[in-house]
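Here is the structure we will look at.
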Amino acid sequence: MHLRRVKASDREVYLKMVHDFYHSPAVLHPVPDEHFERTFEEILRSDVYSDGFLLEDEDGRCMGYAVTAKGFSQECGGQFVWVDELYVLPDHQGKGVGTEALRQLQAYYPDCKRFRLEVEPDNEDAARLYQRLGFEVLPYRQYVMDKF
């Protein structure tokens with residue numbers, strides 16, 4: 001499995017996977033498809049805020065995708081990467097693809113001081129994976145205010 005940056009010709013496969021992910025039990029609520037389009041356009045436009053990757057096997061077949069968001073945190077003393085989405089297609093789940101994707105993401109951002117991600121409370125398989133890889137549960141409550 002290897003990561004490669006999303007390119008314009010990936011639009012259809014990327015948008016289908018994102019739609020499937022947001023209509024799966026791994027997500028608490030659906031998100032409008034227009035948001036997926038905007039994210040795709042942003043990751044093609046610039047790498048300032050976000051990066052998008054396809055997870056592929058050795059023959060170039062798609063196994064999933066990842067989207068990251070980047071920022072700087074005083075708390076951790078430097079750049080952080082939020083693994084906003086990591087989706088492994090159902091046929092490839094439980095085969096180490098998620099583990100390898102997270103390892104490659106860490107290698108892609110060598111100067112990153114912290115990696116963050118979130119998991120829906122009932123997604124116990126993902127939570128076990130993240131904890132096995134060294135991610136710690138933060139005791140924070142997270143709040144959001146959407147403005148759209």
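The values are calculated or read from the model by the stated rules, or taken from the named source; none is laboratory data. The structure presented is a predicted model; accordingly, all values stated were derived computationally and were not measured. Neighbour counts run over all protein chains shown; Cβ positions are idealised from the backbone, glycine included. Side chains are part of the model used for accessible areas, which takes the heavy atoms of the whole protein and leaves out ligands, DNA and RNA. Shrake-Rupley method; radii C 1.70, N 1.55, O 1.52, S 1.80 Å.
Go through region 7-20 and count every residue that is hydrophobic (A, V, I, L, M, F, W, C) and open to solvent by 30 Å² or more (accessible area, probe 1.4 Å). Reasoning before the result, please.
Of all residues in region 7-20, those hydrophobic (A, V, I, L, M, F, W, C) come to 8, 13, 15, 17-18.
Add one more test, that the residue is open to solvent by 30 Å² or more (accessible area, probe 1.4 Å), and what stays is 8, 13, 15.
Residues in region 7-20 being hydrophobic (A, V, I, L, M, F, W, C) and open to solvent by 30 Å² or more (accessible area, probe 1.4 Å): 3 in total.
Report the residue count in region 30-77 for those that are open to solvent by less than 70 Å² (accessible area, probe 1.4 Å) and either part of a strand (DSSP E or B) or within 14 Å of Leu105 (Cα to Cα) (or both).
Looking only at that region, the number is 18.
Could you give me the residue pairs with C-beta distances under 9 Å whose first residue belongs to region 92-105 and is over 13 Å from Tyr65 (Cβ atoms), whose second residue is β-branched (Val, Ile, Thr) wherever it lies, and which are 6+ apart or on separate chains?
Matching pairs, first to second residue: Gly94/Val88; Lys95/Val88; Leu102/Val83.
When His23 is evaluated against the numbered criteria (1) at pLDDT below 95; (2) surrounded by 14 or more Cβ atoms within 10 Å (Cβ to Cβ), which criterion, by number, is the only one it fails?
Tallying (1) at pLDDT below 95; (2) surrounded by 14 or more Cβ atoms within 10 Å (Cβ to Cβ), His23 fails exactly one: (2).
Among the residues of region 94-148, write down those that are part of a loop (DSSP other than H, G, I, E, B), charged (D, E, K, R), within 24 Å of Val48 (Cα to Cα) and within 15 Å of the chain's Cα centre (by Cα). It would help to see each step written out before you state the result.
Filtering region 94-148 for residues part of a loop (DSSP other than H, G, I, E, B) gives 94-96, 109-113, 118-123, 133-148.
In the following step, the residues that additionally are charged (D, E, K, R) were identified as 95, 111, 113, 118, 120, 122, 136, 141, 146-147.
Filter again for within 24 Å of Val48 (Cα to Cα), leaving 111, 113, 118, 146-147.
Correct list: Glu118 only.
Which condition from (1) part of a helix (DSSP H, G or I); (2) touching a strand residue (DSSP E or B) at 6+ places or on another chain (Cβ under 6 Å) is the one that Glu12 breaks?
(2)
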